[in-house]
1. Can you tell me which residue among A:Gly313, A:Gly334, A:Gly320 is at the interface with another protein chain (Cβ under 10 Å from one of its Cβ atoms), surrounded by 15 or more Cβ atoms within 10 Å (Cβ to Cβ) and on the phi > 0 side of the Ramachandran plot?
2. Would you pick out the residues in segment B:1-31 that are surrounded by fewer than 23 Cβ atoms within 10 Å (Cβ to Cβ) and among the hydrophobic types (A, V, I, L, M, F, W, C)?
3. Considering only residues of segment A:127-142 that are buried (at least 22 other Cβ atoms within 10 Å of the Cβ) and either in contact with a Gly (Cβ under 6 Å, 6 or more places away or on another chain) or within 29 Å of B:Ile300 (Cα to Cα) (or both), which is nearest to the other protein chains (Cβ to nearest Cβ)?
4. Here's a check for you: in segment B:186-244, which residue that is facing chain A (nearest Cβ under 8 Å) and at positive phi is surrounded by the fewest Cβ atoms within 10 Å (Cβ to Cβ)?
5. In segment B:62-104, how many residues are touching a Pro at 6+ places or on another chain (Cβ under 6 Å), at the interface with chain A (Cβ under 9 Å from one of its Cβ atoms) and part of a loop (DSSP other than H, G, I, E, B)?
6. Report yes if some residue within segment A:227-243 is within 18 Å of B:Val316 (Cβ to Cβ), under 21 Å from the mean Cα position of the chain (by Cα) and of a type in the set (Ser, Thr, Tyr); otherwise report no.
7. Can you find, within segment A:60-75, the residue that is surrounded by the fewest Cβ atoms within 10 Å (Cβ to Cβ) among those that are hydrophobic (A, V, I, L, M, F, W, C) and in contact with a helix residue (DSSP H, G or I) (Cβ under 8 Å, 6 or more places away or on another chain)?
2 protein chains.
Amino acid sequence: MQADYLVLKKFVSSVFESIGCPEEDAQLAADVLVSADARGIDSHGVARLAGYVRLYDHGRLNPSPKIQILHESPSTALLDGDRGLGLVVAPKAMEIACQKAAIAGTGWVAVQNSNHFGIAGYHAMKALPQQMIGWAMTHAAPLVTPTFSREKLLGTNPIAVAIPALTEPAFVADFASTAVAYGKLEILQRKGMDTPDGWVQDRLGNPSNDAFAIKNGGALLPLGGDREHGSHKGYGLGAIVDILSGVLSGSNFGPWVPPFATAGFMQAGEKVGKGTGHFLGAMRIDAFRPAEEFQKDMDIWIKRFRSAEAVEGKQVLIPGDPERELETERKLTGIPLLEPVVEDLRGLATRFHLDFKLQ
Amino acid sequence: MQADYLVLKKFVSSVFESIGCPEEDAQLAADVLVSADARGIDSHGVARLAGYVRLYDHGRLNPSPKIQILHESPSTALLDGDRGLGLVVAPKAMEIACQKAAIAGTGWVAVQNSNHFGIAGYHAMKALPQQMIGWAMTHAAPLVTPTFSREKLLGTNPIAVAIPALTEPAFVADFASTAVAYGKLEILQRKGMDTPDGWVQDRLGNPSNDAFAIKNGGALLPLGGDREHGSHKGYGLGAIVDILSGVLSGSNFGPWVPPFATAGFMQAGEKVGKGTGHFLGAMRIDAFRPAEEFQKDMDIWIKRFRSAEAVEGKQVLIPGDPERELETERKLTGIPLLEPVVEDLRGLATRFHLDFKLQ
């Protein structure tokens with residue numbers, strides 16, 4: 001099905017309202033979620049809506065959290081998300097980061113006691129209109145093995161950095177610290193295909209091509225794949241994201257990060273901190289050099305890279321190019337939804353007595 | 001040859017003094033350089049000393065720079081390195097970052113008009129004794145192709161993050177944003193061996209196993225290797241380092257970053273900014289949560305990861321483990337130097353009328 005962008009957003013918002021979110025929070029959460037679909041990161045979009053509702057059903061989600069600053073300095077804050085939606089807590093944290101940056105030059109907010117925050121890029125991009133560089137990272141439940149490990153100790157732990165240009169669109173890098181996103185395994189599972197080398201390992205830590213490796217006790221590999229190709233760097237990057245999001249915030253960390261609400265991974269286990277954590281930041285450009293000079297140089301950077309001599313049949317892309325183009329297109333033509341996702345949404349409509357028309 | 005750690009440091013310092021560095025700067029530069037050898041990153045150690053002298057010979061290095069702050073805010077500064085040694089400019093920048101962090105919670109310093117700063121980890125680790133998280137990154141001359149590019153537009157652009165623990169040694173990640181360090185190609189060149197898949201490409205952008213690929217118009221690949229294995233993430237990471245070190249500081253950036261002093265790569269070409277740039281940062285732990293609580297949790301993190309069930313015959317390492325162990329050993333038993341490096345050093349001793357005894 002091809003859902004209309006605004007209609008879908010309204011439906012998602014009404015589901016969040018149905019579990020008790022205030023209207024403004026529900027709209028914000030819907031905006032974050034549907035923008036993931038619009039940007040082509042479907043795995044983090046409305047496909048997860050039923051999961052958020054399951055989190056609520058299991059008492060792990062507070063729909064009307066009292067988000068508060070526990071500690072702060074001129075350029076930092078520690079935020080308690082009060083078990084709220086990460087989709088709402090993270091924008092609040094980003095707002096504080098930008099306020100701090102406006103005065104102190106930069107602002108950095110560690111968040112504890114939150115839940116899954118959607119796509120990192122959305123939050124980082126919130127800094128752009130203020131001529132700031134935005135940072136967003138979050139950890140997630142363990143699916144990834146450090147180099148040489150058989151145990152899954154890290155999540156896919158994404159990091160996003162958004163950097164404004166002048167006439168060119170912004171540079172927006174948003175990537176997991178793994179070789180490949182979990183969603184790519186799911187696609188191969190549906191097609192009954194094997195994975196390429198270097199994506200997953202089996203439960204003994206041997207190289208594997210099993211698209212179901214994780215279900216069979218295996219794991220996703222860090223960016224780099226194996227030691228010979230720099231997996232210790234992907235592991236290092238994922239670890240930095242986990243420590244800033246988890247340890248610095250007083251959340252759970254490493255193997256103790258609670259799972260998102262996927263079937264069979266519902267209950268959080270042993271705890272070493274509070275909920276899930278994030279880390280957000282904003283750097284005001286003109287705390288370093290005049291913003292327009294910087295933005296002009298960014299235009300030069302972007303044009304030089306985009307026009308680089310490419311491998312035959314290809315083009316060099318700027319981070320954020322594909323997502324931006326897709327977003328423009330899908331806002332006009334609609335969001336494609338897979339049948340199982342439509343079924344999930346229909347179920348929510350029935351449960352909450354909502355009108356189910358997405359076109 | 002096995003050189004004594006302190007004797008070698010003294011010799012290196014006297015070389016820097018011979019080209020006009022003040023004594024204190026010379027000692028600092030020697031400390032940074034020899035610590036790279038001690039930590040096993042020989043490619044960034046005294047093997048480069050003759051290169052720094054060549055930079056001086058070609059008028060690209062100011063041995064007694066007037067390093068100054070051009071602009072600042074409570075948590076940021078822009079520093080002009082006045083064409084000084086990066087080995088001296090970067091520690092100065094890190095000192096400013098830590099001073100800012102002591103008051104504003106975090107401190108971030110962009111540096112322009114500098115030169116090669118040695119190993120990133122050295123600078124990041126300077127934050128540790130103050131219960132701060134240290135960040136260091138630098139760009140470098142282009143050896144790396146973005147995904148789908150045939151042109152080399154990025155350096156190996158390393159990033160280091162140092163995080164203090166309580167009873168455990170600190171977490172110190174320090175890695176280039178490429179699949180492999182250039183030094184590993186040089187080792188294979190000497191042995192006449194091919195590279196594994198996924199390290200380099202040829203001049204048309206095809207996969208290659210040529211250890212001399214760069215000399216033949218090819219390039220190092222970003223971390224991830226190819227698109228299927230996430231090279232766009234390694235490219236994104238290298239780009240972030242380049243933009244923070246180069247564009248945010250007003251240095252050169254991308255393909256315009258001037259080369260280090262290797263034969264045939266001496267003269268800087270077209271300019272879009274001033275010299276080489278770095279980006280350094282410090283985050284005070286207790287600007288987020290009480291330092292000791294954090295450090296205790298870091299001990300838990302480190303112990304859990306280090307004791308993870310490992311692949312047969314291996315052990316899960318914490319970033320920084322191998323370098324720290326080597327440093328302890330080499331400070332006692334000495335620094336192994338390859339014969340060509342010894343010859344280089346002997347040449348410098350002759351030129352500057354220095355006593356050449358390294359044991």
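1. A:Gly320
2. Listed by number, the residues that qualify are B:Met1, B:Leu6, B:Val7, B:Ile19, B:Leu28.
3. Per the stated criteria, the residue is A:Trp135.
4. Here the answer is B:Gly205.
5. 1
6. yes
7. First, pick out the residues of segment A:60-75 that are hydrophobic (A, V, I, L, M, F, W, C): A:61, A:67, A:69-70.
From what is left, the residues that are in contact with a helix residue (DSSP H, G or I) (Cβ under 8 Å, 6 or more places away or on another chain) are A:61, A:67, A:69.
On the way: A:Leu61: 23, A:Ile67: 19, A:Ile69: 13.
If we take residues in segment A:60-75 being hydrophobic (A, V, I, L, M, F, W, C) and in contact with a helix residue (DSSP H, G or I) (Cβ under 8 Å, 6 or more places away or on another chain), then A:Ile69 is surrounded by the fewest Cβ atoms within 10 Å (Cβ to Cβ).
Here's the yes/no breakdown for (1) under 13 Å from B:Asn115 (Cα atoms); (2) not polar (S, T, N, Q):
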{"residue": "B:Asp57", "(1), (2)": "no, yes"}
{"residue": "B:Leu61", "(1), (2)": "yes, yes"}
{"residue": "B:Lys66", "(1), (2)": "no, yes"}
{"residue": "B:Ser73", "(1), (2)": "no, no"}
{"residue": "B:Gly86", "(1), (2)": "yes, yes"}
{"residue": "B:Val89", "(1), (2)": "yes, yes"}
{"residue": "B:Ala97", "(1), (2)": "no, yes"}
{"residue": "B:Lys100", "(1), (2)": "no, yes"}
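The values are calculated or read from the model by the stated rules, or taken from the named source; none is laboratory data. No experiment lies behind these values; they were computed from the predicted model shown. Heads up, the Cβs are rebuilt from the backbone with ideal geometry, glycines too, and the neighbour counts pull from every protein chain shown.
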